[in-house]
Amino acid sequence: QVQLVESGGGLVQAGVSLRLSCATSGLPFSNFAMAWFRQAPGKEREFVSGISVRGGRTYYDDSVKGRFTISRDNAQNTMWLQMNSLKPEDTAVYYCAAKRLVVHTTARVYDYWGQGTQVTVSS
């Protein structure tokens, strides 16, 4: 059974940092591209960041470029999202997702999803 479990969300003030984790089990992690998406109330789920199967390529939405850093450790079957200089507009439920081979910015093509972790940034 495939499981993706996010953790690390919380309620923080603008300007501080959070580090999200996505621990996986039941899938050949090193064969899967990984990504973070987020969904704010009343909005569609949007791509935040993605990382290639070996971690050599990373991708970011323009809204988080320079503030967020994605990483993965294939030996630990885990992915992270370091979020610095958080803004109120970063408030959302953050989801990790996995798909075979290559990163894509479209949510519907991902094969597996976590349950999400809430990030709330107050001004």
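The values are calculated or read from the model by the stated rules, or taken from the named source; none is laboratory data. Everything quoted here is computed from the prediction, not taken from an experiment. Heads up, the Cβs are rebuilt from the backbone with ideal geometry, glycines too, and the neighbour counts pull from every protein chain shown. SASA here: full protein model, heavy atoms, side chains in, ligands and nucleic acids out. Shrake-Rupley method; radii C 1.70, N 1.55, O 1.52, S 1.80 Å.
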Heavy atoms of THR69 accessible to a 1.4 Å probe, total area in Å² rounded to 10: 70
Computed accessible area, ASP61, all protein chains, 1.4 angstrom probe, square angstrom: 60
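With the cut-off at 18 Å, report for region 18-90 the share of all Cα pairs above it, as a whole percent. Don't jump to the answer; show the numbers that get you there.
Working: 1006 of 2628 pairs.
Summing the P(r) tail past 18 Å for region 18-90 gives 38 percent.
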Shape parameters for the chain, alpha-carbon atoms, Rg then Dmax in Å: 13.3, 40
Cleavage-rule hits, GluC sites (Glu not before Pro), region 27-123, DSSP coil, Cβ neighbours within 10 Å at most 14: GLU44
Region 54-108: projected area of the alpha-carbon convex hull, averaged over directions, in nm²: 4.6
Neighbour-limited loop hits for trypsin sites (Lys or Arg not before Pro), region 1-107 (at most 12 other Cβ within 10 Å; DSSP other than H, G, I, E, B): LYS43, ARG54, ARG57, LYS65
